[in-house]
Amino acid sequence: MSLSNKLFWALFAPVFAVSLLASVFLVSTRFNDLNQNLYERTSNITEQVATTSEYAIVFSDQNMMYRILQNALNNKDISGVQLFNSEQKIIAELGKTPTSVDTPFPDNIYLKEYDDYLESINAIHYSSNSLDGVFNTQTDLFIPLDQRNLIGWVKIEANKSAIRIDKYQYAGLVTFILIIFNVLTIIGAFHISKALTQPINRLAGSLNKLVKGQFSTVKLMKLPPEYASLQKDLLDLTERLEHHNEELNSGIEQSTEDIRRSMDSMEEKSAQLHIANREAMESNRLKSQFLANISHEVRTPLNAILGYTKTLQKDITDTQHRFYVDTIEQSTNSLLAIIGDILDFSKIEAGKLSLESNHFNLKALIDDVYQTLSINLLSKEKQIDLVPEFSQDVPEWFIGDSTRVRQILTNLIGNAIKFTHQGSVRTKVSLHSQSPQVITLSFQVIDTGIGIAEHKIHRLFKPFSQVDTSTTRQFGGTGLGLVITKKLVEQMNGKIEVSSDPSIGSTFRFTLSLKASQKLNNSHPDLNCHVILLEPSTTYKSYLKSYLKSIGVSCIACSDLEQMIAILNKQHSSIDAILLSVMPDDQSVAEACELITYSAQQFTIPCILMVQPPGQITHYPDLKNLCSDILLKPISHDRLYSALQNLNKSATPLISQQLEVGKSALNEKIKGLKILAVDDSPINLQLLNHWLTPIGLDVSLAYSGQQAIDMANHDKFDLIFMDIQMPEMDGMETTRQLRQMEFYRNTPIIALTAHALGTEQQQILASGMNAYLTKPIDEDLLLSTIETWRANTETFQDQVDAKLIGIFDLEKALAIVDGKTDIAKEMFDMLANSLDAEKKLIQHHLENQDTEKMIEVVHRIHGASKYTGTINIARHAGFLETHLKELGFEDVDGVAKDFIDAIEELLSHRQLIPWPHSFDSSTTKA
């Protein structure tokens with residue numbers, strides 16, 4: 001509301017309210033006066049008729065009665081008069097017939113008001129002094145009431161129409177005066193408000209023009225004399241602003257010129273940056289291609305080295321020769337690990353390292369890591385305790401990328417073992433935080449090794465860097481292990497830190513966020529047995545006693561053989577087994593042989609050996625044959641439980657026998673299959689031939705893709721192994737041509753590839769291959785793969801559809817565009833091509849907690865996904881968008897991670913989508 005309107009209402013509203021109240025007061029007062037006058041006139045006429053009609057009623061003088069009634073009726077307000085005798089019967093009546101039927105007959109005057117008339121009734125009394133009463137009407141007033149006789153009643157009706165007309169006239173007059181008065185008031189208030197606010201409006205308009213820079217218009221403004229001082233100040237201000245504006249415009253012009261020059265320079269630099277960016281992208285592409293080639297070129301000869309090494313291991317009996325072959329195998333595996341680190345680092349740098357999701361047992365995984373590392377890193381001269389410790393509240397099963405969790409633990413525990421010469425390496429696992437869906441675990445890898453100086457710790461997580469170059473010469477390594485570990489921990493929403501003291505050792509702490517699994521922990525019933533334990537290490541002894549107690553096994557710990565023999569002699573009847581730790585030296589082995597023989601012959605008590613490192617036990621076959629079971633340190637809980645549960649059974653020969661039986665059964669199942677192996681490397685083909693021919697498989701060898709197609713045209717094969725990188729025609733093109741042949745539409749084709757990058761793996765599957773094995777090939781895995789695909793009954797298209805279920809719906813994508821494949825594919829490609837950039841935006845907004853921009857990006861993807869058949873992305877985008885709108889960033893991490901995983905899953909399966917040809921779709925539509 002404008003100032004003028006506010007002032008107008010401030011002036012008019014009080015006047016209007018007062019005039020309205022005055023009008024109401026006048027009208028109500030006048031109406032009360034008119035009503036009161038009518039009551040008084042009617043009452044007086046009624047009393048007068050009652051007094052004058054006494055004589056007429058007593059003497060029944062009708063003429064006199066009617067004269068009295070006529071006199072009353074002559075009054076303009078009276079509409080009807082009636083006289084009643086003492087018997088309440090009408091004896092005289094004039095005027096309008098009374099409206100009221102039920103007439104009360106009171107002793108005194110009675111008045112009653114109706115809507116249209118006023119009714120008055122009065123009693124008529126007669127006194128004994130009747131004659132005097134005739135001549136003096138005031139005589140009855142002095143006669144007592146009990147000496148007067150009731151002779152009748154008079155009833156009068158007074159019409160209210162006359163006073164109603166008077167009321168209407170008066171109300172109309174007052175209303176007319178009120179309207180005239182308020183109209184005059186409105187006119188006056190309007191002129192006053194306008195006169196008072198016009199200078200202010202002019203001043204406001206001048207200020208507005210002053211803001212817009214119209215200084216000349218402001219100078220022409222005229223205000224009333226009362227505002228002369230204000231006008232002078234305004235003009236002064238205008239001149240100052242005008243002068244300042246001129247200076248400002250001059251500065252802007254100069255700045256614009258500077259910016260124009262800077263823009264020219266920026267355009268030049270932008271062009272240089274664009275060229276540099278293209279060069280960087282090309283360099284990155286060449287680097288990826290180089291890594292793929294390196295992977296192929298290195299893994300191909302390593303495949304042959306490892307394959308022939310394992311073939312040699314089967315027939316070598318000489319200990320020295322076996323040592324040489326084992327060294328070759330270990331060195332080859334070390335080289336493979338280095339190549340794997342380099343490839344993983346490259347993936348992390350390119351942001352292409354994706355995490356998988358599968359159920360895994362964390363305790364079993366850590367046991368396997370310790371077992372593997374103890375085999376490779378421990379020696380006769382290096383004896384340290386490897387102890388895994390789990391808090392009671394930590395579940396066993398989780399959902400996550402078990403391969404990457406294993407890689408993290410292998411790097412950290414492996415480093416701890418390498419740099420620890422005596423003491424122990426402990427891994428503590430505890431619960432950091434927990435929600436219904438996500439569990440955050442806290443890990444500590446604690447060693448008593450050489451430690452790290454505080455000023456060198458910052459170099460730990462730098463690529464290709466070592467704390468000390470002397471350690472590189474002594475222990476080896478690429479300097480990438482901890483860098484990869486840190487990136488993997490951060491990708492699993494965790495953090496890693498290290499504390500170290502050269503006099504104490506090092507402690508690496510890190511957290512990992514994993515999804516909760518519905519699988520139940522492995523529960524073992526109590527064994528309720530009694531064992532005697534000989535373990536020289538205090539740390540490991542405490543670790544074993546704690547676990548034995550948890551599975552219902554009572555334990556007596558001994559410090560030496562003499563104490564153990566003494567306890568055996570005294571308590572042999574209650575002892576069920578001996579747990580014996582054997583050191584890798586001749587004396588310890590000889591003492592162990594004597595103890596096992598003694599306990600078996602004298603008391604028939606079985607013995608379980610605990611050895612470290614594992615290679616030493618093969619040098620003492622007699623000891624191996626005497627014991628009930630052999631466990632490799634660090635002792636796995638499940639393996640120790642199984643060994644105690646199967647006492648007095650020769651477990652080792654039984655396992656070997658079962659493995660041999662299983663292997664023979666597998667060989668029988670795949671015997672007689674016709675296999676085609678395609679590779680441009682004669683060494684790799686000969687290795688496959690050496691592995692497969694002896695077990696009854698018919699193996700044909702092709703040294704190029706074209707030769708493979710020619711052989712497939714003349715013969716029929718049950719399964720094909722295909723190398724990827726070959727001259728002239730690579731494995732993927734060869735597979736595409738094979739799939740066009742009727743017989744080979746659903747024949748299993750397995751890639752034998754050295755390509756370790758994820759993009760190549762998806763291209764392999766998209767070309768029509770069923771699966772892939774990464775070189776170097778393991779013989780057992782090769783045979784297991786043949787058995788798996790021999791029994792497969794699904795078509796290749798069924799396998800593709802199974803991979804795309806829940807990720808992409810081709811029918812929905814085509815239905816939206818009325819079956820037009822070109823349009824559907826174009827829309828899908830537009831979305832898929834933008835997802836990499838959109839994913840980075842989501843991660844950026846997630847870090848900055850920018851809700852609005854995050855919702856904008858998710859909404860954009862959500863809308864596009866509904867029209868492209870990407871059902872999984874649409875579902876998770878809907879979940880994330882709803883969560884952001886309702887809860888913001890509260891507990892959003894899990895929902896956002898599921899959405900990003902859905903994006904990565906689509907991109908990894910993009911090339912598997914079987915888009916129909918445009919011709920086919922149009923024909924079908926027609």
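The values are calculated or read from the model by the stated rules, or taken from the named source; none is laboratory data. What you see is a predicted model; the values in this text were computed from it and never measured. Every residue, glycine among them, receives a Cβ derived from its backbone with ideal geometry; neighbour counts consider all protein chains shown. Keep in mind that these areas ignore ligands, DNA and RNA; they rest on the heavy atoms of the full protein, side chains included. Shrake-Rupley method; radii C 1.70, N 1.55, O 1.52, S 1.80 Å.
Using the Cβ-Cβ distance between residue 176 and residue 97 with R0 = 45 Å, the FRET efficiency computed as 1/(1 + (r/R0)^6) comes to roughly 0.70. Ordering 711, 564, 583 by accessible surface, largest first, gives 583, 711, 564; the 1.4 Å probe counts only protein heavy atoms, with every chain in place. The gain in end-to-end length when the residue 784 to residue 515 segment is fully stretched comes to 93.8 nm, 0.36 nm per residue minus the alpha carbon separation. What accessible area per residue comes out for the range 227-293, rounded to a whole number of Å², with a 1.4 Å probe? Value for the range 227-293: 82 Å² per residue. Between residue 257 and residue 856, the C-beta separation translates, for a Förster distance of 45 Å, into a calculated FRET efficiency of about 0.75.
Our note on the geometry: Cα centres of the range 68-88 and the range 237-263, 104 Å apart.
Where does each of 523, 506 land when they are ordered by accessible area, with a 1.4 Å probe and the largest first? Don't skip to the end; give the middle numbers.
Numbers: 523 100, 506 5 Å².
Largest to smallest exposure gives the sequence 523, 506.
Note on residue 308 and residue 503: the extension gain reaches 65.6 nm, defined as 0.36 nm multiplied by sequence separation minus the Cα-Cα distance. Between residue 550 and residue 604, the simple label model (points 7 Å from Cα in the Cβ direction) yields a spacing of 3.4 nm. Relative contact order of the range 810-909, taken over Cα pairs closer than 8 Å and 6 or more residues apart, is 27 percent.
Near the amide H of residue 152, within less than 5 Å, lie the amide hydrogens of 124, all on another chain or at least 5 residues away, with H placed in the peptide plane. In this structure the range 671-793 gives 40 Å² per residue of accessible area when probed at 1.4 Å with all protein chains present.
Cross-link list 209/232; 487/885; 269/486; 310/541; 269/839: which exceed 25 angstrom alpha carbon to alpha carbon? Before the final figure, lay out each step's value.
Values: 209/232 17 Å; 487/885 31 Å; 269/486 36 Å; 310/541 37 Å; 269/839 28 Å.
Violating the 25 Å limit, Cα to Cα: 487/885; 269/486; 310/541; 269/839.
If you average the sequence gap of Cα pairs under 8 Å that are 6 or more apart and divide by the length of the range 159-257, what percent do you get for the contact order?
Values: 23 pairs, mean separation 16.9, N = 99.
Relative contact order comes out at 17 percent.
Projecting label points 7 angstrom from Cα along Cα→Cβ for residue 795 and residue 167 puts them 9.9 nm apart.
Here the range 227-293 is assigned +1 on the Cβ of each Lys and Arg and -1 on the Cβ of each Asp and Glu. Its dipole about the Cα centre then comes out at about 740 debye.
Of the solvent-accessible surface of the range 810-909, computed with a 1.4 Å probe over protein heavy atoms with every protein chain present, carbon and sulfur atoms account for 52 percent. Each peptide in 683-695, 254-266 receives the mean, over its residues, of other Cβ atoms within 10 Å, and ordering these scores from highest gives 683-695, 254-266.
For residue 167, what is the net charge nearby, where nearby means another residue's Cβ is under 12 Å from its Cβ and Lys, Arg count +1, Asp, Glu -1?
On the way: positive: 30, 160, 164; negative: 33, 166.
Charge balance near residue 167 sits at +1.
The residues of the range 530-647 present an accessible area of 44 Å² per residue when probed at 1.4 Å with all protein chains retained. Cross-link partners for residue 314 among the lysines, with Cα-Cα distance under 26 Å and sequence neighbours closer than 8 places in the same chain left out: 380, 624, 633, 663, 669, 671, 674, 775.
Per 0.36 nm of contour for each residue apart, how much would the distance between residue 316 and residue 107 grow if the chain were fully extended, relative to their Cα-Cα spacing? Write down the numbers at each step before the final one.
Details: separation 209, 0.36 × 209 = 75.24 nm, distance 14.89 nm.
Gain on stretching residue 316 to residue 107: 60.4 nm.
Ranked by the mean number of other Cβ atoms within 10 Å per residue, highest first, peptides 14-25, 866-877, 569-580 order as 866-877, 569-580, 14-25. Shown for the range 671-793: the carbon plus sulfur share of the solvent-accessible area, taken with all protein chains present and a 1.4 angstrom probe, equals 49%.
Only Lys, Arg, Asp and Glu count, each charged at its Cβ (+1, +1, -1, -1), so figure out the dipole size of the range 698-749 about its Cα centre, rounded to 20 debye.
Numbers: 4 positive and 9 negative charges, 43 e Å.
Charge dipole, the range 698-749, about its Cα centre: 200 debye, nearest 20.
Peptide packing: for 117-125, 602-610, 851-859, 432-440, the average count of neighbouring Cβ atoms within 10 Å per residue gives the ranking 117-125, 602-610, 851-859, 432-440, highest mean first. Sorting 836, 501 by accessible area puts them as 836, 501; the probe is 1.4 Å, largest comes first, and only protein heavy atoms count.
Carbon-plus-sulfur accessible fraction, the range 227-293 (probe radius 1.4 Å, protein heavy atoms only): 55%.
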